[in-house]
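Only one structure is covered here, and it is reproduced in the block below.
Nothing in this text is a laboratory measurement; each read-out follows from the coordinates by a stated rule. All figures in this text were calculated on a predicted structure; none of them were measured in a lab. Please note: Cβ atoms are built from the backbone with ideal geometry, for glycine as well, and neighbour counts cover all protein chains shown.
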Amino acid sequence: MIRWFFFLIISFCFISVMAQSESLFAKSTHEATITLGAGCFWCVEAIFEAIPGVLSGESGYSGGHVKNPGYREVCTGRTGHAEVVKVKYDPDQVGLDEILKVFFATHDPTTMNRQGADVGSQYRSAIYWHDPGQLEIIEHELSEAKEIWPNPIVTEIKAFETFYPAEDYHQAYYELNKEAPYCRAVIAPKLAKFQKQFSAKFDLK
């Protein structure tokens, strides 16, 4: 009888530990995805990967009509793709509203097919949503952004369809090439501006 009693206690403890482990695992793997285009994906990836709660940013191509496009094809503007970053984030750490505030603040969503010196439809401002539930948040942040920007916002907002990863040398480009001329002249200043503007909000270091 005593042995049976101890067996029940041990079994209960084991089940409780396993349940807690499963709960922690589920929490650690909780993620959502939004795909964003805001000009050169080197810049976009560098900024969004600096946000606490963003799990990863992957540069690639979305919104076009050609399968498996390469960088040179996309640069012609004939494939219809935009340079984008697929942003995976933990909603428990950072909300989509916060991500979109960064999105609308760190590029010019009022210039059609252009960001600075980068010109072409591949550099268009775009949001490709992965979940219909994201639409309400997107619309709210869009209305907020309209109060900030003096000119009409031309950001393309569509349901996500397909993402093609960019070539390996495009991934983590800024992190691996900080001394490159483009990184020093374009990305570093944009990243510094982001850090200054959002340092208090995200406790950036």
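Put simply, when 164-176, 95-107, 32-44 are sorted by average Cβ atoms within 10 angstrom per residue, most first, you get 32-44, 95-107, 164-176. Whose amide H sits under 5 Å from the amide H of Ile127, counting only residues 5 or more places off or on another chain, with H placed in the peptide plane? Amide H to amide H, under 5 Å and 5 or more residues apart or across chains, Ile127 pairs with Gly37, Glu156, Ile157, Lys158.
Cross-link partners of Lys193 among aspartates and glutamates, defined as those whose alpha carbon lies under 16 angstrom from its own and excluding same-chain residues fewer than eight positions apart: Glu45, Glu49, Asp108, Asp203.
Could you tell me which of the pairs Lys86/Lys201; Lys158/Lys190; Lys158/Lys196; Lys67/Lys201 are separated by over 28 angstrom between their Cα atoms in the structure shown? Don't skip to the end; give the middle numbers.
Numbers: Lys86/Lys201 22 Å; Lys158/Lys190 26 Å; Lys158/Lys196 31 Å; Lys67/Lys201 39 Å.
Pairs exceeding 28 Å: Lys158/Lys196; Lys67/Lys201.
Spatial offset of the range 162-200 relative to the range 29-78 amounts to 12 Å, using the alpha carbon center of each. Residues whose amide H comes within less than 5 Å of that of Ser56, counting only those at least five positions distant or on another chain, are Lys88 (H built at 1.01 Å from N in the peptide plane). Judged by the gyration tensor of its Cα atoms, with axes a ≥ b ≥ c, the range 30-202 is rounded; a/c sits under the 1.5 cut.
Evaluating 6.51 cos²θ - 1.76 cosθ + 1.60 at θ = phi - 60° for every residue in the range 65-72, the Karplus couplings come out as 10, 9, 6, 6, x, x, 4, 5 Hz, glycine and proline recorded as x.
The overall shape of the range 76-155 is oblate: from the C-alpha gyration tensor, with semi-axes ordered a ≥ b ≥ c, the ratio a/c is 1.5 or greater and a/b is no larger than b/c. Under the definition of Cα pairs under 8 Å and six or more residues apart, what whole-number percent is the relative contact order of the range 30-202? In percent, rounded to a whole number, it is 31.
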